[in-house]
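Throughout, read-outs are computed from the coordinates displayed, never taken from laboratory work. Fair warning: this is a prediction, and the values are worked out from it, not measured in the lab. Heads up, the Cβs are rebuilt from the backbone with ideal geometry, glycines too, and the neighbour counts pull from every protein chain shown.
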Amino acid sequence: MKKVTINNQVLPALGIGTWEIGDDPKLRDEEIAAIRAGLDAGLSVIDTAEMYGNGRSEELVGEAIKPYQRAKIFLISKVLPQNASRSKMRQSLQNSLQRLQTDYLDLYLYHWRGMVPLSETVSELQALQNEGLIRSWGVSNFDIDDMQELWQLPEGQNCVVNEDLYNLETRGIEYSLLPWQREHHIPLIAYSPLGRGPKMGSTMMKNEAVLQVAEEHEASAYQILLAWVMQQPDVLAIPKSSSSKHLLSNLKALDIELTPEDLQILEKAYPKPERKEPLAIY
């Protein structure tokens, strides 16, 4: 099973994403069952945010993890930019903890940059960590210039991770951001590792190269796309999985080892960037 180390914790390189989970009451039982199926199968990372469904995702996660030993779950949530100030962040975190029915987060992320000075946000994140309300903190939707600015702050180098959009057809961060993160030992959490589907213009699921590699491994296109993301060093993939069947199917990707020939086929279909591109954000 592929692994990633975040804040000195060795974790499966596949996590449980919860974007858009918790929005439909009719799907609640199925979504809770999916999270529990993942935990039962050995996954430990659950990624959520106060923004997701205005807290409904956190509430669902809180219910889903009730039967489990808290110490075995690596729980991530995120603070919105408008709440990332000295005056608001503490209450925002307390609200998240209440919805999640826990007294600490393993990782708290600044969801994306807003109007609050970065130095103020970092100072408050560090204060919350020092109090033990969060075990570590990181950022999300940061590009290389954001990370370089962060690194110049007195406590900026305490950041343990950056979460960005990353998948086979969206590789812009490979040009400069990923190399910088690897040089500075900052893992990447890859959201939307399967893209956002045909409705959002994704072509990957039906791409001939992806299907060819999938056939070689007796796997699905989804599994190959996840395996490609997780084959990158220090990358944790967090696909949304709202059904147990889908989530358990994703698990096979942890054991797929893509060959140099496989990677060449995929590279030809979706080449890496040759110049700096704007940071992709969903």
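Quick notes on this structure:
- P(r), alpha carbons of segment 56-138 - 10 Å bins starting at zero, rounded %: 19, 53, 24, 4
- Taking every DSSP bridge with both residues inside the chain, close to 15 percent are antiparallel.
- The calculated pair-distance distribution of the chain uses every alpha carbon pair, bins of 10 angstrom beginning at 0, and gives 6, 30, 37, 22, 5, 0 percent.
- Segment 58-188: antiparallel DSSP beta bridges as a percent of all, rounded to 5: 10 percent
- Dipole size of the chain about its Cα centre, with +1 on Lys/Arg Cβ and -1 on Asp/Glu Cβ: approximately 560 debye, rounded to the nearest 20.
- Total charge dipole magnitude, segment 58-193, about the Cα centre, Cβ charges on Lys, Arg, Asp, Glu only, Debye to nearest 20: 460 debye
- Dipole of the chain [Lys/Arg +1, Asp/Glu -1 at C-beta], most positive-end residue of Leu236, Ala84, Tyr110: Ala84
- Three semi-axes of the equivalent ellipsoid, segment 62-219, Cα gyration tensor, whole Å, largest first: 31, 21, 14
- The alpha-carbon positions of segment 1-152 define a convex hull whose volume is 113 Å³ per residue.
- Dividing the summed helix terms, -39500 (n - 2.57) for each DSSP H run of n ≥ 4, by the number of residues in the chain produces a 222 nm estimate of -10500 deg cm²/dmol to the nearest 500.
- Theoretical FRET efficiency, 1/(1+(r/R0)^6), r = Cβ-Cβ of Gln9 and Lys268, R0 30 Å, to 0.05: 0.25
- Computed over Cα pairs, the Kirkwood radius of segment 13-85 leads via Stokes-Einstein (0.890 mPa s, 25 °C) to a diffusion coefficient of 196 µm² per second.
- Restricting attention to segment 2-75, close to 50% of DSSP beta bridges with both partner residues there are antiparallel.
- Within segment 1-39, the GluC sites (Glu not before Pro) that combine a DSSP coil assignment with at most 16 other C-beta atoms in a 10 angstrom radius are Glu20.
- Normalised by the number of residues in the chain, the average gap of Cα pairs under 8 Å and 6 or more apart makes the relative contact order 21 percent.
- Counted over segment 116-181 with a bin width of 10 Å, the fraction of Cα pairs per bin, in whole percents, is 19, 49, 25, 7, 0.
- A straight chain from Lys88 to Glu174 at 0.36 nm per residue would run longer than the Cα-Cα distance by 27.5 nm.
- Share of Cα-Cα pairs in segment 172-282 lying beyond 24 Å, as whole percent: 24 percent
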